[in-house]
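Notes follow the structure.
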Amino acid sequence: MLNSDAIKKFVLDRRNNLFENIALCMAITLTSAFFSYDNYYFFMDFLRPVVSVLLMFIWLWCGFKSGIHKKWGFLAFTAAYWLIPYLYMLYFSSRDNVKDYSAVLTMLYRFSNMIYNKSLTGIAEFTHCSVNIWVLCLAILTFTLYYAGVNVSYIIKAKEEKEDAEKEAAENKAD
(Lines give C-alpha, C1' and ligand atoms only; values in the text may rest on other atoms or scores of the structure.)
Protein backbone atom coordinates (compact mmCIF):
# COMPACT_ATOMS: atom_id res chain seq x y z
CA MET A 1 0.00 0.00 0.00
CA LEU A 2 1.23 3.49 -0.83
CA ASN A 3 2.22 5.76 1.95
CA SER A 4 0.56 9.19 1.72
CA ASP A 5 3.73 10.84 3.08
CA ALA A 6 5.70 9.43 0.14
CA ILE A 7 3.17 10.87 -2.32
CA LYS A 8 3.18 14.21 -0.50
CA LYS A 9 6.96 14.26 -0.50
CA PHE A 10 7.15 13.48 -4.22
CA VAL A 11 4.44 15.91 -5.30
CA LEU A 12 4.82 18.87 -2.95
CA ASP A 13 8.40 18.75 -1.65
CA ARG A 14 10.14 18.23 -4.99
CA ARG A 15 11.81 21.47 -6.07
CA ASN A 16 12.28 22.54 -9.67
CA ASN A 17 14.24 25.66 -10.31
CA LEU A 18 12.86 28.38 -12.54
CA PHE A 19 15.01 27.39 -15.51
CA GLU A 20 13.71 23.79 -15.40
CA ASN A 21 10.09 24.97 -15.42
CA ILE A 22 10.76 27.37 -18.30
CA ALA A 23 12.62 24.73 -20.32
CA LEU A 24 9.86 22.18 -19.75
CA CYS A 25 7.12 24.61 -20.83
CA MET A 26 9.05 25.73 -23.90
CA ALA A 27 9.80 22.14 -24.89
CA ILE A 28 6.19 20.97 -24.74
CA THR A 29 4.96 24.09 -26.54
CA LEU A 30 7.47 23.66 -29.35
CA THR A 31 6.68 19.95 -29.55
CA SER A 32 3.01 20.72 -29.99
CA ALA A 33 3.84 23.32 -32.64
CA PHE A 34 6.07 20.92 -34.57
CA PHE A 35 3.42 18.19 -34.45
CA SER A 36 0.88 20.57 -35.98
CA TYR A 37 3.01 20.74 -39.14
CA ASP A 38 3.28 16.96 -39.58
CA ASN A 39 0.33 15.41 -41.42
CA TYR A 40 2.10 12.53 -43.13
CA TYR A 41 2.20 9.88 -40.41
CA PHE A 42 -1.01 8.12 -39.38
CA PHE A 43 -0.20 8.13 -35.67
CA MET A 44 -0.09 11.93 -35.53
CA ASP A 45 -3.89 11.99 -35.37
CA PHE A 46 -3.58 10.26 -31.99
CA LEU A 47 -0.41 12.01 -30.85
CA ARG A 48 -1.55 15.62 -31.42
CA PRO A 49 -4.39 15.50 -28.83
CA VAL A 50 -2.13 13.77 -26.31
CA VAL A 51 0.52 16.46 -26.70
CA SER A 52 -2.13 19.19 -26.49
CA VAL A 53 -3.39 17.82 -23.18
CA LEU A 54 0.20 17.53 -21.94
CA LEU A 55 0.82 21.14 -22.97
CA MET A 56 -2.07 22.36 -20.84
CA PHE A 57 -1.16 20.08 -17.92
CA ILE A 58 2.54 20.98 -17.89
CA TRP A 59 1.95 24.73 -18.04
CA LEU A 60 -0.57 24.50 -15.21
CA TRP A 61 1.59 22.15 -13.14
CA CYS A 62 4.66 24.37 -13.51
CA GLY A 63 2.55 27.36 -12.48
CA PHE A 64 1.34 25.49 -9.40
CA LYS A 65 4.83 24.29 -8.45
CA SER A 66 6.27 27.78 -8.95
CA GLY A 67 3.56 29.08 -6.64
CA ILE A 68 4.39 26.54 -3.97
CA HIS A 69 8.04 27.65 -4.06
CA LYS A 70 7.06 31.32 -4.55
CA LYS A 71 9.02 31.83 -7.77
CA TRP A 72 7.30 34.83 -9.29
CA GLY A 73 9.68 34.75 -12.26
CA PHE A 74 7.49 32.07 -13.81
CA LEU A 75 4.60 34.53 -13.94
CA ALA A 76 6.78 37.03 -15.77
CA PHE A 77 7.92 34.29 -18.15
CA THR A 78 4.33 33.21 -18.83
CA ALA A 79 3.24 36.75 -19.61
CA ALA A 80 6.25 37.42 -21.84
CA TYR A 81 6.09 34.05 -23.60
CA TRP A 82 2.52 34.55 -24.78
CA LEU A 83 2.39 38.35 -25.08
CA ILE A 84 5.58 39.14 -27.04
CA PRO A 85 4.77 36.88 -30.04
CA TYR A 86 1.21 38.21 -30.15
CA LEU A 87 2.33 41.82 -30.09
CA TYR A 88 4.95 41.14 -32.76
CA MET A 89 2.36 39.47 -35.00
CA LEU A 90 0.13 42.54 -34.59
CA TYR A 91 3.04 44.80 -35.51
CA PHE A 92 3.99 42.70 -38.52
CA SER A 93 0.46 42.58 -39.88
CA SER A 94 0.08 46.36 -39.55
CA ARG A 95 3.19 47.29 -41.52
CA ASP A 96 3.64 47.48 -45.29
CA ASN A 97 5.46 44.24 -46.01
CA VAL A 98 5.63 44.76 -49.77
CA LYS A 99 7.37 48.11 -49.70
CA ASP A 100 9.60 47.47 -46.67
CA TYR A 101 10.26 43.73 -47.04
CA SER A 102 12.72 42.25 -44.58
CA ALA A 103 13.63 38.59 -44.45
CA VAL A 104 14.55 38.84 -40.78
CA LEU A 105 11.20 40.36 -39.81
CA THR A 106 9.37 37.72 -41.87
CA MET A 107 11.35 34.96 -40.16
CA LEU A 108 10.51 36.44 -36.73
CA TYR A 109 6.86 36.59 -37.75
CA ARG A 110 6.86 32.93 -38.75
CA PHE A 111 8.58 31.97 -35.50
CA SER A 112 6.05 34.01 -33.49
CA ASN A 113 3.22 32.39 -35.43
CA MET A 114 4.65 28.95 -34.68
CA ILE A 115 4.95 29.66 -30.95
CA TYR A 116 1.61 31.40 -30.56
CA ASN A 117 -0.79 29.90 -33.11
CA LYS A 118 0.51 26.49 -34.08
CA SER A 119 1.09 25.19 -30.56
CA LEU A 120 -2.59 25.44 -29.58
CA THR A 121 -4.12 24.75 -33.00
CA GLY A 122 -5.11 21.20 -32.03
CA ILE A 123 -7.13 22.36 -29.04
CA ALA A 124 -8.63 25.26 -31.00
CA GLU A 125 -9.77 23.00 -33.85
CA PHE A 126 -11.27 20.47 -31.44
CA THR A 127 -13.25 23.06 -29.51
CA HIS A 128 -14.02 25.35 -32.47
CA CYS A 129 -12.65 28.33 -30.56
CA SER A 130 -9.98 30.83 -31.46
CA VAL A 131 -6.36 30.23 -30.47
CA ASN A 132 -6.43 33.62 -28.73
CA ILE A 133 -9.11 32.37 -26.36
CA TRP A 134 -7.05 29.30 -25.46
CA VAL A 135 -3.89 31.33 -24.90
CA LEU A 136 -5.81 33.69 -22.65
CA CYS A 137 -7.38 30.75 -20.75
CA LEU A 138 -4.00 29.07 -20.37
CA ALA A 139 -2.41 32.26 -19.03
CA ILE A 140 -5.27 32.96 -16.62
CA LEU A 141 -5.29 29.37 -15.35
CA THR A 142 -1.51 29.40 -14.94
CA PHE A 143 -1.71 32.60 -12.88
CA THR A 144 -4.60 31.18 -10.86
CA LEU A 145 -2.76 27.95 -10.09
CA TYR A 146 0.34 29.93 -9.18
CA TYR A 147 -1.65 31.76 -6.49
CA ALA A 148 -3.28 28.49 -5.43
CA GLY A 149 0.23 27.09 -4.98
CA VAL A 150 1.21 30.07 -2.86
CA ASN A 151 -1.85 29.46 -0.66
CA VAL A 152 -1.07 25.74 -0.38
CA SER A 153 2.46 26.66 0.67
CA TYR A 154 1.14 28.89 3.44
CA ILE A 155 -1.29 26.19 4.59
CA ILE A 156 1.45 23.55 4.71
CA LYS A 157 3.79 25.93 6.56
CA ALA A 158 1.08 26.81 9.13
CA LYS A 159 0.25 23.13 9.64
CA GLU A 160 3.90 22.25 10.21
CA GLU A 161 4.31 25.14 12.66
CA LYS A 162 1.19 24.01 14.54
CA GLU A 163 2.44 20.42 14.71
CA ASP A 164 5.84 21.61 15.96
CA ALA A 165 4.19 23.80 18.60
CA GLU A 166 1.98 20.92 19.75
CA LYS A 167 4.97 18.58 19.89
CA GLU A 168 6.96 21.13 21.89
CA ALA A 169 4.03 21.73 24.23
CA ALA A 170 3.66 17.97 24.76
CA GLU A 171 7.38 17.68 25.54
CA ASN A 172 7.21 20.60 27.97
CA LYS A 173 4.14 19.11 29.64
CA ALA A 174 5.88 15.75 30.01
CA ASP A 175 8.81 17.42 31.78
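On the basis of being at pLDDT below 90, assigned to a helix (DSSP H, G or I) and not acidic (Asp, Glu), does ARG48 make the cut? Spell out the reasoning first.
Values: at pLDDT below 90: yes; assigned to a helix (DSSP H, G or I): yes; not acidic (Asp, Glu): yes.
Taking the combined requirement at face value, the residue satisfies it.
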- Query: Which condition number does GLU163 fail, the rest of (1) charged (D, E, K, R); (2) out of contact with any helix residue (DSSP H, G or I) (no Cβ under 8 Å at 6 or more places or on another chain); (3) touching a residue at least 24 places away in the same chain (Cβ under 8 Å) being met?
  - Reply: (3)
- Task: Using the structure shown, decide if PHE64 is over 19 Å from ALA139 (Cβ atoms) and among the aromatic types (Phe, Trp, Tyr).
- Result: no
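The values are calculated or read from the model by the stated rules, or taken from the named source; none is laboratory data. No experiment lies behind these values; they were computed from the predicted model shown. Reconstructed Cβ throughout: ideal geometry from the backbone, glycine too, with neighbour counts over all protein chains shown.
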